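Engineer: This structure is in structure tokens; I'll ask about it shortly.
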Amino acid sequence: MESQEAESQEAGLPLVLVHGMRLSGTMWRPVIRAIGERHPTAAPDLPGHGARRGEPFTVPGAVAAVTEAMDALGGRAMLVGLSLGGYVAIATAAAHPDRVLGTVAMGCTALPRGAFGAAYRGAARLAARHPRQADRLSRFAFRRTLPPPQARAMVSGGLSCEITPSIIQAVSEMDPPALLSAYPGPVWLVNGERDHFRRHERLFLRACRDGRLIIRPGCGHVTSLTDTADLTCHIRDAATVVAARSHHPSTTEGVR
């Protein structure tokens, strides 16, 4: 009975899934298929990506894209984002706390500053100077590290390596811990055990007003998408909590 009640509360909760850098909303197709008809879903392309390739990327523009996707689903939703998508989800939650019902932020608990940020800026500049080669290398890497359905989903909307320097710069100018502290809703910080973007996860967790940290054993940054069923389980579990809190708004205690 408890399981049936949880599923009943979870069903119908809108989900907006936000893609990673240089990718597009198509990267979420395997997860959306696994979710099925239980939830209304949207996976928008951020500025400069997918169908919006050629547009400049800015964090406010990315937040606007996610907000438009929430509008299409009725105005409120739980957000799920990986990498760049996680940073954008955090920024959207802080900008619209009344509309973001919960946030699952994956692979985005690092501050891209210092030596870590310098390495990424250097790689981004190189990719922007040679975008075709960088796109080919990305396709090869996805084929090597992901099962065929996930690898195809990653690239089917096109790749946008030329825009990576502006993305790295925009994310470097963000203050994710401050954004997390401004958001009162539930947050799940989900990292692969081998993800290099874990480096500041405890700082991010402490900043959350209602947060929890989930480590997925054996996963890296991109390979967190390998086991679609397991990832979908995490998303559905979060959706169940968010739906229950919508029914019982007095529940505010986080888990750390």
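Engineer: In segment 160-177, whose amide N lies under 11 Å from the spot 7 Å out along Cα-to-Cβ of residue 113? List them in ranges.
Structural biologist: 172-177
Engineer: Which length gain, in nm to one decimal place, applies between residue 137 and residue 214 when the Cα-Cα distance is subtracted from 0.36 nm times their residue separation?
Structural biologist: Extending this stretch completely gives an extra 24.7 nm.
Engineer: Another one. What does the helix-only formula give at 222 nm for the chain: each DSSP H stretch with n ≥ 4 adding -39500 (n - 2.57), the total divided by the residues, and the result rounded to the nearest 500 deg cm²/dmol?
Structural biologist: Helix-only estimate at 222 nm: -14500 deg cm²/dmol.
Engineer: Using a/c under 1.5 as the rounded threshold, could you call the chain rounded, prolate or oblate? The axes a ≥ b ≥ c are square roots of the C-alpha gyration tensor eigenvalues, and prolate needs a/b larger than b/c, oblate otherwise.
Structural biologist: Prolate shape, in that a/c is at least 1.5 and a/b is the bigger ratio.
Engineer: Show me the helices of the chain, taken as full DSSP H stretches, that run 27 Å or more along their long axis by Cα and average -1.0 or above in Kyte-Doolittle hydropathy.
Structural biologist: 228-247
Engineer: Residue separation times 0.36 nm, minus the C-alpha to C-alpha distance between residue 38 and residue 229: what's the value? Before the final figure, lay out the partial values.
Structural biologist: Values: separation 191, 0.36 × 191 = 68.76 nm, distance 1.46 nm.
Gain in length upon complete extension: 67.3 nm.
Read-outs: derived from the displayed coordinates by stated rules, not from any lab. Treat the numbers as computed from the prediction; the structure is a model and nothing was measured. Methodologically, a virtual Cβ is constructed for each residue, glycine included, from the backbone with ideal geometry; neighbour enumeration extends over all protein chains shown.
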